[in-house]
Each structure stands twice: as C-alpha cells, then as structure tokens.
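Just so it is clear, none of the values below were taken in a lab; they were calculated from the coordinates. Everything quoted here is computed from the prediction, not taken from an experiment. Neighbour counts run over all protein chains shown; Cβ positions are idealised from the backbone, glycine included.
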Amino acid sequence: MASPYHDLPVEQWRNKTLELIEQHPLHMTELYEIVKQAWEDIFKSGIGSKPFKIGEDLFPSPQIMGFFLHELIPLELSSRYPQVWRPNKSADEKDLVYAPDATFSIEIKTSSSSRNIYGNRSYAQTGSTTRKTKSGYYLAVNFQKFVANISRPEITQVRFGWLDHEDWLGQAAATGQQARLNPAVERNKLITLPLGKE
C-alpha cells in the first residue's frame, strides 16, 4: 500500500495526519478517555488473594506497566464495541483490530520516555520476516515510571496518527535492538490527544 504521505513535503505532513485522523472511525476524545481509563484500572486492580495493589505494594518496571496498557486498551474498547473492535488474535494483526476494515486497525506503542516512542529492531528492517505490516495507524502513550519521588506515576502524553514502515530508524550498531523515529516524524505524524492540546 502506498504511503498517504507519498511525495508530500514535510511541511504538509501535519495536515495530512489530521485528515487521516478525521477519516478514522474511532472518535479521538473516546480513545483518549480509554487510555486514561486503562491507566486508572491498573492502580484499582488487586493481584493475588490479599490483594496486592500496584503503587502501594507492587512497583512494576516500565516494561510491565506498558504491557498492562497494551492489554487493557484493546480489552476496554472491545468491551464497549464487541462486534467492531477486538484485541489481536494472531501475529499478523495489529494490536487493536477494527473488524469491519483492517485499514483502521491500530498498533499500540508505550514508553516511559518523556516524549519518544520506540520499536524493536524489526521495525527498521525492510527484509523483516514478520507478517504484520509496520505502516498504519499508531497510538503512542508515554507515562512516568516508578521512582523514589513519584508515588503515583501518570500518563504524560497520548498521541495518535499514521506511521510508515520507512519512518523507523534502526540503531547504527549491528547488534542494536531498538528502532526510533526522527523528530520531524514524531512532530508531524503523531498528533497529541485530546486534539487541540498542543
């Protein structure tokens, strides 16, 4: 599939992103609310028979907090629209599947970085054997991690937009395991939610 940004200069990317967001069947206000709800649910939940509370008894790593978000966001949306949205069922599907038209399915990325999001090395490899397309709609969530002076981490940024496979840049080292986005891509192809916040 050709990129919707094909032949567009950088200064026109943001308008194209807003156009793509407007075409998406999910209302951005609701998507933002779902992200916030998923985050709150992490802290409301109890683990084990006691039960133990995250933020009181347990202080998970950013990877685990990201995993919770990654799982809860699709579950929350699918509980609201069970015949329309669902979590992925196979490796070739996006994280959040829009049943009527997979074009609108969403890949979820989370990070405890203050602004950036990252992918694994396969995102920057053109010859990757993964069956999942790396181009399409993305939900990017940044959050604080547990540190000594933060007793209750918060979501710091929620963004939505469209990324193409070619937007991901691999680490220079052959053994690098991470892919990143250049600042122009993050600025213009991911829009902060709620809309108008920037």
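Highest mean packing first, where packing is the average number of other Cβ atoms within 10 Å per residue, the peptides 103-116, 7-20 line up as 103-116, 7-20. One chain, two ends: H27 and S90. Fully extended at 0.36 nm per residue, the span grows by 20.1 nm beyond their Cα-Cα distance. Computed from Cα atoms, the angle from the helix 28-44 axis to the main principal axis of the chain rounds to 30 degrees.
Excluding same-chain neighbours fewer than eight residues apart, the aspartates and glutamates reachable from K132 by a Cα-Cα span under 12 Å are D92, E93, D95, E107. When only the Cβ of Lys, Arg, Asp and Glu is charged (+1, +1, -1, -1), the dipole of the range 10-193 relative to its Cα centre reaches about 380 debye.
Once the Cα atoms are used to define both axes, helix 13-23 deviates from the longest principal axis of the chain by about 70 degrees.
Scoring 135-143, 79-87 by mean Cβ neighbours within 10 Å over their residues and listing the highest first yields 135-143, 79-87.
Computed extension length for F67-I150: 27.9 nm, one decimal, from 0.36 nm per residue of separation with the Cα-Cα distance subtracted.
When the helices of the chain are scored as -39500 (n - 2.57) per DSSP H run of n ≥ 4 and the total is divided over every residue, the value at 222 nm lands at -8500 deg cm²/dmol. Close amide-amide hydrogen proximity is noted between Q157 and N142, each under 5 Å apart and 5 or more residues distant or on a separate chain (H modeled in the peptide plane; Pro and chain starts excluded). Toward the positive end of the charge dipole of the range 10-193, with +1 on the Cβ of Lys and Arg and -1 on the Cβ of Asp and Glu, the farthest Cα among S105, F67, V141 is that of F67. In this simple spin-label model, placing a label point 7 Å from the Cα along the Cα-to-Cβ direction at both A99 and N116 gives a separation of 3.9 nm. Pairs of Lys residues in the range 1-113 are counted when their Cα atoms are under 16 angstrom apart and they lie 8 or more places apart or on different chains; the count is 4.
Based on every Cα atom in the range 10-193, Rg and the maximum pairwise Cα distance Dmax equal 16.8, 55 Å. Can you give the % of DSSP beta bridges in the chain that are antiparallel, to the nearest 5? Of the beta bridges lying entirely in the chain, close to 80 percent run antiparallel. Extension gain for Y81-T133 works out to 16.3 nm (0.36 nm per residue, less the C-alpha to C-alpha distance).
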